[in-house]
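The values are calculated or read from the model by the stated rules, or taken from the named source; none is laboratory data. This structure is a prediction, so every number in the text was calculated from the model and none was measured. Ideal geometry is used to build each Cβ from the backbone, glycine not excepted, and the neighbour counts take in all protein chains shown. These area figures cover heavy atoms from the full protein model, side chains too; ligands, DNA and RNA do not enter into them. Shrake-Rupley method; radii C 1.70, N 1.55, O 1.52, S 1.80 Å.
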Amino acid sequence: MPAVLNGLEWQTCLRRILFLNANESASTIAAIENGEMTLPTVEVFRGPQAYRFLLEVICGLNSPIVGETAVMGQFKEFLLSTKFPKNHWGSFLRQLATNLMIDGKRIRHNHLQGIGSQSYGSLVRQQIKGMPTVAVLGAGKLAREILPWLIGKTKVRLFYRNWQHAKDLLKEYPEIQLDQYSEADATWMQAEAGLVIAAPLKADRVESWARLQGTRFSKCLDLRGEAASDPVSMTAPVIKLHELFDALRTERERLEGHIESARAEINQLVERQSQQAQFRPFGWEDLCA
């Protein structure tokens with residue numbers, strides 16, 4: 001996506017979302033919609049439609065794992081770390097974000113609680129069942145999401161690139177063992193272990209790292225968003241992210257009632273926001289997400 005003045009970008013595990021001022025960025029938006037930019041598949045949402053789309057994403061309705069909680073945590077972290085423009089547009093975005101968090105929590109509370117284990121961690125735990133040890137590459141958001149599902153089920157050895165992230169995880173989960181991720185001199189000796197890729201590493205780097213280890217990996221779970229386009233090749237079976245999601249199709253059918261009721265309330269909240277926007281000098285006409 002292009003860099004845009006006063007535009008904000010939020011990246012989830014599967015999406016990059018750009019918040020644009022429809023007036024200031026009119027030419028950029030037109031170029032995207034007219035296919036004048038060489039970009040992957042891009043959808044443009046305006047005004048109330050943008051608010052509806054953002055709510056659905058935040059609530060996990062557009063995730064392969066229906067109702068998963070990680071994306072709301074990612075949005076909250078995005079808000080805490082974002083520097084909003086110091087102008088009317090920035091004030092509008094800050095209020096928009098606050099409304100999204102309030103409405104998102106309401107949707108989750110009313111329609112998406114008690115639907116069972118809907119998370120990356122639950123998927124990973126099913127796959128590593130019976131494995132005595134699992135190596136996790138990465139100490140970021142995704143590792144934090146899956147660790148609670150591994151602790152007590154298997155021994156976890158976490159290979160980190162960011163020491164501060166790893167130290168924070170160790171305080172929370174003292175059972176894990178830490179090693180620095182290195183492709184130069186790393187040699188981990190283990191008779192057998194599973195491997196979980198929970199960091200945005202290139203496939204060739206993961207393959208290089210795995211060859212240096214004195215460990216036989218019996219299975220690899222590739223949780224990278226680019227697992228299909230940049231596949232990891234190993235002697236062990238490699239299960240890609242989209243293959244894990246395929247196993248959830250039946251579960252998604254079971255949850256259709258929850259999804260429909262959640263979207264119905266989202267429509268009501270969008271209508272309410274639209275009515276409020278009519279009384280603001282800086283309303284929906286300036287929002288394009």
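Brief remarks follow.
- Protection proxy ranking of 54-62, 231-239 - average other beta-carbon atoms within 10 Å, highest first: 54-62, 231-239
- The residues of the chain expose on average 51 square angstrom of accessible surface per residue, using a 1.4 Å probe on protein heavy atoms.
- Counting only alpha carbon atoms, the long axis of helix 70-81 and the longest principal axis of the chain meet at about 70°.
- Whole-angstrom gap from the range 24-83 to the range 189-239, using each part's C-alpha centre: 30
- Its Kirkwood hydrodynamic radius, worked out from the mean inverse distance over all distinct Cα pairs, puts the range 97-175 at 14.4 Å.
- For Thr133, nonlocal amide neighbours, meaning residues 5 or more places apart or on other chains whose placed amide H falls under 5 Å from its own, are Lys155, Gly194.
- Accessible area per residue was computed with a 1.4 Å probe on protein heavy atoms; Asp103 scores about 0 Å².
- In the chain, the DSSP-assigned H stretches of four residues or longer account for a calculated mean residue ellipticity at 222 nm of -13500 deg cm²/dmol, using -39500 (n - 2.57) per stretch and the full residue count as denominator.
- Whichever lysines have a C-alpha closer than 26 Å to that of Lys76, once near sequence neighbours (fewer than 8 apart) are set aside: Lys86, Lys105, Lys141, Lys167, Lys171
- Of the trypsin sites (Lys or Arg not before Pro) found in the range 149-226, the ones in coil according to DSSP and having at most 13 other Cβ atoms within 10 Å of their Cβ are Lys202.
- Scanning residues 5 or more positions from Ala22 or on other chains, those with amide H under 5 Å from its amide H are Leu287, Cys288, with H placed 1.01 Å from N in the peptide plane.
- For the chain, the longest principal axis of the Cα atoms and the long axis of helix 141-150 meet at an angle of about 50 degrees.
- To the nearest ten degrees, helix 203-212 and the longest principal axis of the Cα atoms of the chain are 20 degrees apart.
- Per-atom-type breakdown for the chain gives carbon and sulfur 49% of the accessible area (1.4 Å probe, protein chains only).
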